[in-house]
Amino acid sequence: MPRKLGQHFLVEEPILERLAATACGAHVPRVVEIGPGRGALTRHLLPHTDELHAVELDASLVHRLKREFAEDSRFHVQHGDVLETDLAQWGPATITGNLPYYITSPIIEKFLALDERFQTAVFLMQWEVAQRVLSGPNSRDYGYLSVAVQLICEVSLVCKVARGAFSPPPKVDSAAVKFARKRAAPANLPALLTLVGRSFAQKRKTLRNNLRPFYGDAADKLPEAGLRAEQLSIEQFIDLERRLAQRASLD
Ligand code: SAM
């Protein structure tokens, strides 16, 4: 089995059912599943939906899935790399999957870049990334990913999953995380994400030092110049970006 594709199959039925129920509730019209593998989660998702589109990179698993679900008209599988796949091509959908851990962050960012037709994602990911996604200011794990996710979504921990729930077991524990898109993303999101990236460029440095190369003297005059990015809440980042944009428009 090509381990490099992050192939650790979930074998605990209660966890699979919990993932499916969290992603779909009683029923959703359409689900997109990332990395269906041998179909363990797929089997739990299908009763909750009219239409399931799975994206799987391993050709041998795609053949196996086609055989396995040949009789089920709700099931569709596409052979390909999820990062190269347009997840919006089938229309509004709930997105889910037991993710290949080597690309967890790019998959989360791919979900964030979708629009409001994609309200919910439930992903199983390595515990370390789940902590980064879920953490708030003044904690070790709070960084660019935390702020980028929380600007766009409400995030919640569904459950922690021990490595023994997988075959073969991965080297790390995992967690299922639910992403619920907020009603309105900040209008100036690209500028905000740029600012957040610059602010966290060197985590131990103050905002003054991280931002001076981009905003010159204005960075020194910020009331929060002496703080580090990890001390700023989501709302404080939004406010900081608004003030910097106002200054720029006056220059
Ligand atoms: N969902 C299955 C389960 O829970 O048992 C398998 C999960 S396994 C952690 C990750 C799956 O993603 C594997 O089937 C792997 O082949 C697939 N995969 C890896 N890289 C991928 C990629 N770039 N695009 C799509 N699928 C990928």
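The values are calculated or read from the model by the stated rules, or taken from the named source; none is laboratory data. Because the structure is a prediction, the values reported are computed rather than measured. Neighbour counts run over all protein chains shown; Cβ positions are idealised from the backbone, glycine included.
The condition (being basic (Lys, Arg) and either at pLDDT below 95 or more than 13 Å from the ligand (Cβ to nearest atom) (or both)) is satisfied by just one residue among LYS66, LYS110: LYS66. Applying the condition of being more than 25 Å from the chain's Cα centre (by Cα) and in contact (Cβ under 8 Å) with a residue 12 or more places away in the chain to the range 219-236 and asking which residue is farthest from GLY136 (Cα to Cα) yields ASP220.
Of the candidates ALA176, ALA248, the single residue that is within 16 Å of the ligand (Cβ to nearest atom) and either of a type outside the set (Ser, Thr, Tyr) or more than 27 Å from GLN126 (Cα to Cα) (or both) is ALA176. Within the range 4-44, the set of residues being surrounded by fewer than 19 Cβ atoms within 10 Å (Cβ to Cβ), more than 21 Å from SER73 (Cβ to Cβ) and free of Cβ contacts under 8 Å to residues at least 60 places away in the same chain comprises GLU13, PRO14, GLU17, ALA21, GLY25. Of the residues examined, VAL77 is one that is part of a strand (DSSP E or B), over 19 Å from the mean Cα position of the chain (by Cα) and among the hydrophobic types (A, V, I, L, M, F, W, C).
This table checks each residue for (1) surrounded by fewer than 17 Cβ atoms within 10 Å (Cβ to Cβ); (2) among the acidic types (Asp, Glu); (3) assigned by TED's automatic domain parsing to the domain that holds ASP173.
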| site | (1), (2), (3) |
| --- | --- |
| GLU71 | yes, yes, yes |
| VAL82 | no, no, yes |
| ILE95 | no, no, yes |
| ILE103 | no, no, yes |
| LEU114 | no, no, yes |
| PHE123 | no, no, yes |
| GLN131 | no, no, yes |
| ASN138 | yes, no, yes |
